[in-house]
Amino acid sequence: MPDASDGRRLVTSDTFVSFADVSVTYGSGAGRVPALENISLDFAAGDFVCVVGPSGCGKTTLMQALAGFLKPSTGTVSIDGRPVDGPGVDRGVVFQQPALFPWLTVAGNAGFGPMLRGESRRDRAGTVEDHLRMVGLWDFRDRYPYELSGGMQQRLAIVRALVNKPKILLMDEPFGALDALTREKMQEELHAVWRRTGMTVLLITHSVEEAVYLGTDVVVMSPRPGRIIERIAAPFARRESAGCSRDTKSLPAFVALRERVLSLIWQTAGT
Amino acid sequence: MTEAPRPYRWLSVLSVVAFFGAWYVVNAAHLAPANLLPSMSDVWAALLDILHNGYRGTTLWEDAAATLGRCLGGFALATLVGVPLGLWMGRSRILAASIDYILQFMRPLPPLSYLILLILWLGTGDTSKVALLFLAAFPTIAMAAMAGVRGVNGQRIQAALACGATEAQVFRHVVLPSCLPMVMTGLRIALAVTFSTVVAAELMTASNGLGWMVFSASQFLRTDIVLLGVLILGVLGMALSRALLSLDLRLVHWRGRD
């Protein structure tokens, strides 16, 4: 990446993640399925970008390309000025299924990344403790993942990613398997973590309400092949709020934006 | 193979008591000729006899040790070869394809059908028996390990990669532990196969071992020793399988809860 004389990057100074004309095609020959078509999307550090759209719109593919789990057929994905080339510790991932390691304790799962980097148990103890305390799992540090509830498992999966101090947190339907109440609580916690750390987040979700509530930007995608239809700035994530989440979610402005996004999805979903 | 749930444990115990009770009644009521079905006290006397005097020159301990040694020797060899080979097969489609038909051919093959060939090639000693047990156990173990590698949850691997894991670290810290349940299941099946094969092999050719003792006693119509041998073999097989099961439960504490 060329630098200008004043040391600032030449590309728009606040671009942190960039999808440049990215297409992804699965399969080959007659069985070719275009999953993403000409995706161009930039966002800045500290943004909380929520991607919504009907099933099969390639939301997950979008995340996988940024995570480095798949290579785009054309175009480039870059983060912090560097093209993505395979998975890396700078991008934490959380899936719908927590995908924890059941042979490790809660503390073992939380300290997985530092352990890989050769940090001793003593060296990583402090970070692990801070993170587990942050999500209320410290008392469960010696338990195994299968002894935790679904919400606790997902908190642990988030901690496992955060411990590595990633530049961005990539989440694919992280609360999709949780019951409605737990889901709202988890949204609150994620929101609090984001407010506190100011980290960049890319969240894939089916829930328009979740996207409008948590996101600074809501990206609406169309089904097969996945294209970006519209990107809408959402004001609620950065808004100072003292009340509970339901207060925000019932604001007229919130409801209006939610309905606008929903109607966009309805239009693109066709029939 | 698994333990009965605790509240019904007494039923399991009761069934054993009922078995011995029925045995006693049949003998006490003279429902079967004593030379075909020896009484419990005859079998007990036979046990004391061979404990003190041995059977045809070998002690009971020597026979048990011979059988166990062959069994565990063949099993250990099959584990040492089968687990790494299976793990490698799970990683390499080329290796898997190269060995697939051979393993599929060997797995259902009754080991005794080729025992005679092994005896012709390797002699009547322990080498042919250990080779037989190795061949009987290793396809099951290798295929279980391969299935374990193939069944690893892809998102766990992705999660590890996103934590900065290298290819080697993914194998060491995700693939290996993920395979453990399948590998242990394969080992438990293989141990049962090995144990029943060793006894059958001893029936055909051996000069010691519990299988040999049973076969030899049958030639002299010593049904008390035959029955004793069967009981000892049954208990020994159960103990072996229980030992491996408890190791399994300790190692794979997440089995069925994941």
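The values are calculated or read from the model by the stated rules, or taken from the named source; none is laboratory data. If you're wondering where the values come from, they're calculated on a predicted model, not measured in any experiment. Cβ sites come from the backbone with ideal geometry, for glycine too, and all protein chains shown count toward neighbours. Please note that ligands, DNA and RNA were not included when accessible areas were found on the heavy atoms of the full protein model with its side chains. Shrake-Rupley method; radii C 1.70, N 1.55, O 1.52, S 1.80 Å.
The overall shape of the protein assembly as shown is prolate: from the C-alpha gyration tensor, with semi-axes ordered a ≥ b ≥ c, the ratio a/c is 1.5 or greater and a/b exceeds b/c.
Take the alpha carbon gyration tensor of region A:32-78, find the square roots of its eigenvalues, order them as a ≥ b ≥ c, and report rounded if a/c is under 1.5; if not, report prolate when a/b exceeds b/c, else oblate.
Cα axes put region A:32-78 in the oblate bin.
Other residues whose C-beta falls under 14 angstrom from the C-beta of residue B:99 contribute a net charge of +2, scoring Lys and Arg +1 and Asp and Glu -1. For region A:106-191, what class follows from the C-alpha gyration tensor (a ≥ b ≥ c being the square roots of its eigenvalues): rounded when a/c is under 1.5, otherwise prolate if a/b is larger than b/c, else oblate? In terms of gyration-tensor shape, prolate.
Of all accessible surface on the protein assembly as shown at a 1.4 Å probe, what whole percent is carbon and sulfur?
Summing carbon and sulfur atoms, their accessible area is 61 percent of the total for the protein assembly as shown.
Couplings 3J(HN,Hα) for region B:214-226, derived from phi with the Karplus relation 6.51 cos²θ - 1.76 cosθ + 1.60 (θ = phi - 60°), are 4, 5, 4, 5, 5, 5, 9, 6, 7, 4, 5, 6, 4 Hz, where x marks Gly and Pro. Charges were assigned to the Cβ only: +1 to each Lys and Arg, -1 to each Asp and Glu. The resulting dipole of chain B about its Cα centre is roughly 880 debye. For region B:70-86, just list the computed ³J(HN,Hα) in residue order, Karplus coefficients 6.51, -1.76 and 1.60, θ = phi - 60°, integers in Hz, with x standing in for Gly and Pro. For region B:70-86, the Karplus-derived couplings read 4, 4, 6, x, x, 5, 5, 4, 5, 5, 4, 8, x, 5, x, 4, x Hz, x marking Gly and Pro. Three principal axis extents of chain A based on alpha-carbon atoms, in descending order, are 50, 49, 45 Å. For the protein assembly as shown, the solvent-accessible area with a 1.4 angstrom probe is 49 square angstrom per residue. Springs between Cα atoms under 10 Å define the GNM used for chain B, and in it the highest mean-square fluctuation of B:233, B:122, B:85 occurs at B:122. Cross-link partners for residue A:185 among the lysines, with Cα-Cα distance under 28 Å and sequence neighbours closer than 8 places in the same chain left out: A:59, A:165, A:167, A:249.
Note on region B:142-258: Rg/Rh from C-alpha atoms, Kirkwood Rh, equals 1.23.
Taking a Cβ cut-off of under 13 Å around residue B:41, the surrounding Lys, Arg, Asp and Glu residues balance to a net charge of -3, with basic ones at +1 and acidic ones at -1.
Calculate log10 I(q)/I(0) of chain B for q = 0.17 Å⁻¹, where I(q) comes from the Debye formula with a single equal point scatterer on each Cα and nothing for solvent. Values, matching the q order: -1.27. Residue-wise HN-Hα couplings along region A:66-78, as the Karplus relation 6.51 cos²θ - 1.76 cosθ + 1.60 with θ = phi - 60° gives them from phi, are 6, 5, x, 7, 9, 9, x, 5, 9, x, 10, 10, 9 Hz; Gly and Pro carry x. Between residue A:229 and A:220, A:221, A:222, the built amide H atoms are under 5 Å apart, and every one of these is 5 or more places off in sequence or on another chain. Buried accessible surface for the A/B chain pair comes to about 1900 Å², total over both chains, computed with a 1.4 Å probe.
Count, for each residue of A:109-115, the Cβ atoms from other chains sitting within 10 Å of its Cβ, then give me the mean as a whole number. Walk me through the numbers before you get to the answer.
On the way: counts 2, 0, 1, 8, 6, 2, 4.
Per residue, the average neighbour count from other chains is 3.
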